[in-house]
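This report concerns only the one structure given below.
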Amino acid sequence: MSICQICEEGNATLQHESIEVEYNGKKGMIETQFLHCDVCEADFVGAAEIDANALAFRNFLNSIDGNK
């Protein structure tokens, strides 16, 4: 947990959500990360979540393109 970057009062906890993505006509599911505040109810991403989401999407692209 960390302090909410939006309201600066609540605790922001890491959440996970699977979303459908599409690339070159092929669909798949990736797990994304975001933070959720227990006070203001905001959902937002920080640097770590951006990096994790980018990696998940890059891995999906590589699975389509055949890259390891």
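The values are calculated or read from the model by the stated rules, or taken from the named source; none is laboratory data. Everything quoted here is computed from the prediction, not taken from an experiment. Methodologically, a virtual Cβ is constructed for each residue, glycine included, from the backbone with ideal geometry; neighbour enumeration extends over all protein chains shown.
Before moving on, here are some points about what is shown:
- Region 36-68 - residue that is exposed (fewer than 15 other Cβ atoms within 10 Å of the Cβ) and acidic (Asp, Glu) and, of those, farthest from the chain's Cα centre (by Cα): Asp65
- Unique residue being modelled with pLDDT under 95 and either of a type in the set (Asp, Glu) or in contact with a Gly (Cβ under 8 Å, 6 or more places away or on another chain) (or both) when the list is Asp51, Asp38, Asp65, Asp43: Asp65
- When restricted to residues that are among the β-branched types (Val, Ile, Thr), touching a helix residue (DSSP H, G or I) at 6+ places or on another chain (Cβ under 6 Å) and closer than 19 Å to Ile6 by Cβ, region 19-66 contains 1.
- Region 18-30: number of residues that are surrounded by 12 or more Cβ atoms within 10 Å (Cβ to Cβ) and either touching a residue at least 40 places away in the same chain (Cβ under 8 Å) or part of a helix (DSSP H, G or I) (or both): 1
- When Gln33, Gln15, Gln5 are checked against the criterion of being modelled with pLDDT under 95 and either surrounded by 12 or more Cβ atoms within 10 Å (Cβ to Cβ) or within 9 Å of the chain's Cα centre (by Cα) (or both), Gln5 stands alone in meeting it.
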